[in-house]
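Right, I'll just put the structure down here and ask away after.
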Amino acid sequence: MASHVEQNPENRTKLRAPRRESTPENAVLDANSPTNAVSADDLPDIVDVVMAMGRAEPAIEPEAVIASDDEPPSPAQLAEFRPAGRLPDQLEDLAERARGYVEAASSANTRRAYAADWKHFSDWARRQGFATMPPDSETVGLYITALASGTGTGSGDKKSVSTIERRLSSLAWNYAQRGLSLDRKHRAIATVMAGIRNAHARPPRQKEAILPEDLMAMLETLDRGTLRGLRDRAMLLLGFTGALRRSEIVGLDCGRDQTEDGRGWIEFFPKKGLLVTLRGKTGWREVEIGRGSADITCPVVALETWLNLARIAHGPLFRRVTGEGKKVGTERLNDQEVARLVKRTALAAGVRGDLTEAERGRLFAGHSLRAGLASSAEVEERYIQKQLGHASAEMTRKYQRRRDRFRVNLTKASGL
């Protein structure tokens, strides 16, 4: 890590050695030990503070609860040492509401990723004999160096710059949940990260856009005589014409306020189309999906057919089909099913047949549908930007694979 700092003598600083574990309780743990497991449920949150309101101090010191300095006590552990008296009913209700708001602050996928990243960092720190509490910039600086070089991380593979930046954000979030702060501007982190970007940054790899002709070929691979085939047709057409993210597709309900985990709902407008109201990354937005020129490729017809034959009138739109394709479940699909559907049907339809199957498999995912609409819709850019829910036109252009990059010719405009 010092090599990155020494490249600029004026900015050279002495980096102290990262703080190592010193107590027997903090000795290196076996990677398979249950104590070493970290999940989203282990993360402290505001509920601990709310639940402590109005209570007397516990008779046992907090140190007796904490098993190690990098894993704060869970609510279940703290409950064992709380006085027998309960909170007033109104505060118990507030605690439950607070937990709901904490969970709503980020998606389940994000919380799972943050928990996995924290576990990876904790495992690495234990193997090196470093403490993870309190936050130590030198330790984190060595960790991101290990990620970039692929040494000492267990897997041996070098992580991309985007992955390392996500890991940093994850660590900062995890420390914040514990009431601590990770200084990402510290030289031990910022200077090393700048060196990693200069040495390893690569142009982003974009997913292949699913164009209209590709989509129609993909639809032909699905069996219209089965519920599963009808569901998958509706998902592909709705995702493409609405330029929806995979989480937005599976998060839709038949109506407003029908489920606790819903991310939006639909409204049918006879002879016109479909209005989708959803909560995306940038907040709430409305997406208009008009009827197609033919029933076989119309997203509204596909969705109506699926809902009618699956007998779904309330709750999640897209659900698992079981019992040899004859039974429809009650719980909504996982968003990973959208990515698998796009990949599976694109391969079956022979999209980008000029490439190997392995290369084609890496090209297609849920974002291929969003990129497909952005690349193929022949309308003003502002309409595409609105449909995708982007705050800037520059972001929309990143999705437009077939846009004319040379429409404005500054060479000729300059007189040459």
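The values are calculated or read from the model by the stated rules, or taken from the named source; none is laboratory data. All figures in this text were calculated on a predicted structure; none of them were measured in a lab. Backbone-built Cβ (ideal geometry, glycine too); neighbour counts: all protein chains shown. Remember, those area values only see protein heavy atoms, side chains included, never the ligands or the DNA or RNA. Shrake-Rupley method; radii C 1.70, N 1.55, O 1.52, S 1.80 Å.
Using only Cα atoms, locate the centre of the stretch 303-325 and the centre of the stretch 224-280, then give the distance between them in Å, rounded to an integer.
11
Out of the stretch 285-377, which GluC sites (Glu not before Pro) are coil in DSSP terms and have no more than 12 other C-beta atoms within 10 Å?
Loop-located and lightly packed - Glu324.
Give me the number: length gained by fully extending Ala199 to Thr411, i.e. 0.36 nm times residue separation minus the C-alpha to C-alpha distance, one decimal in nm.
73.0 nm
I'd like to check one number: the per residue accessible area of the stretch 122-219, probe 1.4 Å, reported in Å² as a whole number.
Spelled out: the 1.4 Å probe surface of the stretch 122-219, per residue, equals 45 Å².
Would you work out what percent of the accessible area of the stretch 184-267, with all protein chains in place, is carbon or sulfur (probe 1.4 Å)?
Exposed carbon and sulfur together represent 46 percent of the surface.
Which of rounded, prolate, oblate describes the stretch 216-255, given a ≥ b ≥ c as roots of the alpha-carbon gyration tensor eigenvalues and a/c under 1.5 marking rounded, otherwise prolate only if a/b is larger than b/c?
oblate
Taking the mean number of other Cβ atoms within 10 Å as a proxy for protection, how do you rank 175-184, 188-197 from highest to lowest?
Highest-to-lowest ranking by the protection proxy: 188-197, 175-184.
Place a +1 charge on the Cβ of each Lys and Arg in the stretch 89-173 and a -1 charge on the Cβ of each Asp and Glu, then give the dipole magnitude about the Cα centre in debye, rounded to the nearest 20.
The dipole magnitude comes to about 480 debye.
Given points 7 Å out from each Cα along the Cα-Cβ axis, report the Arg279 to Asp157 separation in nanometres with one decimal.
Each label point lies 7 Å from its Cα, and together they span 3.4 nm.
Can you flag which of Lys158/Lys207; Lys327/Lys386; Lys119/Lys158; Lys207/Lys327; Lys159/Lys185 are past 27 Å Cα-Cα?
Violating the 27 Å Cα-Cα cut-off are Lys327/Lys386; Lys207/Lys327.
With unit charges on the beta carbon (Lys/Arg positive, Asp/Glu negative), name the residue among Gly225, Ile144, Met133 whose Cα is farthest towards the positive pole of the charge dipole of the stretch 108-241.
My answer, from the dipole projection, is Met133.
Which parts of the stretch 281-305 would a label at Gln258 reach, counting a residue when its backbone N lies under 14 Å from a point 7 Å out along Cα-to-Cβ?
What the label zone holds, given the 14 Å backbone N cut-off, is 303-305.
Please give, to one decimal in nm, the separation of the simple spin-label points placed at Arg320 and Ser106, each 7 Å out from Cα toward the Cβ.
That separation, rounded to one decimal, is 2.6 nm.
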